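Chemist: This structure is in structure tokens; I'll ask about it shortly.
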Amino acid sequence: MSQAIQRQLGEYDSPIEDELENAFTRMLSEGTQRMHRTWRGVLVTGFFGGTEVALGVLAYLSVLEATHQPLLAGLAFSIGFLALLLGRSELFTEGFLVPVVTVAAKRASLAQLFKLWGGTMLANLVGGWVIMWLIMAGFPELHAQTIESGVHFATAPLSARTLALAVLGGMVITLMTRMQHGTDSVPAKIAAAIAGAFLLAGTRLFHSILDSLLIFGALATGKAPFGYWDWLGWFGYTVVGNVAGGLGFVTLLRLLRSKDRLQEERADAEASS
């Protein structure tokens, strides 16, 4: 390859590499802070995350009831993701990229990762359950639509189709996180949140937290044709699919792309320990 061509390629690659480096640095900085939270910090931010997603579910159900158009309802649900973004709350499935990169760089431990995942998941579900109970008490006109939506998920048996929907759900939420950490622009972050909500809720992909709140709402009406054991069975395989999609199709590729930087961070961590 001629030197002229190499110089041209370098000119094109340099801005891209700079942006990747900036995104990697942002992820490590944020990830280190998130992974070193106390139990109280993990539970409080997770609880807020559950309540904010539940408000997005209220918008979703209201638009779906009025229009019967899932794609429009998916756009309305973006209120929940915007609240997560601007309020800096924590959603369990948003922990498949930044915290994992932080552990891979030896800025945190696996024990801290599992604390973040477990505490956030539990707090998301509790916070979401509380708000969904209030929504069902305050909006009885949404009961029928909520039950219909809850049945769609809670009674779905494990199959190639449902597992694929769960994998895609994990991939979409993790891709949304990656897009938001790839820029400093707030409008771009907002656009990523809206796009993620549109795909996730609008196409009714399987998402362990979002769809659990729809199921909880249906159960709160007292008229759902399923119970909490049905939810637990659905939740179990959906979590597995979400983790597989987020880690396998987004995070792993990001780690491979940043292999050299990870090695530098790991060497620095070992030298300072």
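The values are calculated or read from the model by the stated rules, or taken from the named source; none is laboratory data. Quick caveat, the model's predicted, so the values are computed rather than measured. Backbone-built Cβ (ideal geometry, glycine too); neighbour counts: all protein chains shown. For accessibility, only protein heavy atoms count, side chains too; no ligands or nucleic acids. Shrake-Rupley method; radii C 1.70, N 1.55, O 1.52, S 1.80 Å.
Chemist: Averaging over every viewing direction, what projected area does the convex hull of the Cα atoms of the stretch 15-268 cover, in nm²?
Modeler: Mean orientational projected area (the stretch 15-268, Cα hull): 13.1 nm².
Chemist: Here is a follow-up. Using a 1.4 angstrom probe and counting only protein chains, how large is the accessible area of I194 in Å², to 10?
Modeler: 60 Å²
Chemist: Hey, another quick one. Run the numbers for S185 and K259: contour at 0.36 nm per residue of separation, minus the present Cα-Cα distance, in nm.
Modeler: 24.1 nm
Chemist: A further question on this structure: Please work out the Cα center distance from the stretch 55-79 to the stretch 127-205, rounded to the nearest Å.
Modeler: 10 Å
Chemist: Using a 1.4 angstrom probe, figure out how much accessible area the stretch 15-268 has per residue, in square angstrom, rounded to the nearest whole.
Modeler: Result: 43 Å² of accessible area for each residue.
Chemist: Could you tell me the calculated FRET efficiency between A269 and V126, based on Cβ-Cβ distance and R0 = 45 angstrom, to the nearest 0.05?
Modeler: Using R0 = 45 Å, I get an efficiency of 0.85.
Chemist: In degrees from 0 to 90, rounded to the nearest 10, what is the angle of the helix 228-246 Cα long axis to the longest principal axis of the chain?
Modeler: It works out to around 20 degrees.
Chemist: Please give, to one decimal in nm, the separation of the simple spin-label points placed at F139 and R40, each 7 Å out from Cα toward the Cβ.
Modeler: 3.4 nm
Chemist: Express the carbon and sulfur contribution to the solvent-accessible surface of the chain as a percent, rounded to the nearest whole number, probe 1.4 angstrom.
Modeler: For the chain, the apolar C and S fraction of the accessible surface comes to 66 percent.
Chemist: To continue, here is another question. Quick one: helix 186-202 against the long Cα principal axis of the chain, what's the angle to the nearest 10°, folded into 0 to 90?
Modeler: Tilt relative to the chain: about 50 degrees.
Chemist: First obtain the Kirkwood hydrodynamic radius of the stretch 129-188 from its Cα pairs, then insert it into the Stokes-Einstein equation at 37 °C and 0.692 mPa s, and state the resulting D in µm² per second as a whole number.
Modeler: This corresponds to a translational diffusion coefficient of 224 µm²/s.
Chemist: From the square roots a ≥ b ≥ c of the eigenvalues of the alpha-carbon gyration tensor of the stretch 160-273, which class results: rounded (a/c under 1.5), prolate (a/b over b/c), or oblate?
Modeler: The shape class here is prolate.
Chemist: Around T146, under 11 Å between beta carbons, what's the net of Lys plus Arg minus Asp minus Glu among the other residues?
Modeler: Charge balance in the 11 Å sphere: -2.
Chemist: A further question follows. Quick check: net charge around E90, other residues with Cβ under 15 Å of its Cβ, Lys/Arg +1 and Asp/Glu -1?
Modeler: Summing Lys/Arg as +1 and Asp/Glu as -1 gives +2.
Chemist: Given the convex hull of the Cα atoms of the stretch 108-156, what is a quarter of its surface area in nm²?
Modeler: About 4.6 nm², averaged over all directions.
Chemist: While we're looking at this one, here's another question. Output the 0 to 90 degree angle, nearest 10, between the alpha-carbon long axis of helix 143-154 and the longest principal axis computed from the alpha carbons of the chain.
Modeler: Long axis of 143-154 versus the principal axis of the chain: about 50 degrees.
Chemist: For the stretch 15-268, what does the relative contact order come out to in percent, with C-alpha contacts under 8 Å and a separation of six or more?
Modeler: Relative contact order comes out at 28 percent.
Chemist: Something else about it: If R₀ is 22 angstrom, what is the calculated FRET efficiency for the pair W229 and E148, using the beta carbon separation as r and rounding to 0.05?
Modeler: Rounded to the nearest 0.05, the efficiency is 0.60.
Chemist: Once the Cβ-Cβ distance between A66 and A111 is put in as r, and R0 is 30 Å, what FRET efficiency do you end up with, to the nearest 0.05?
Modeler: The value I calculate is 0.05.
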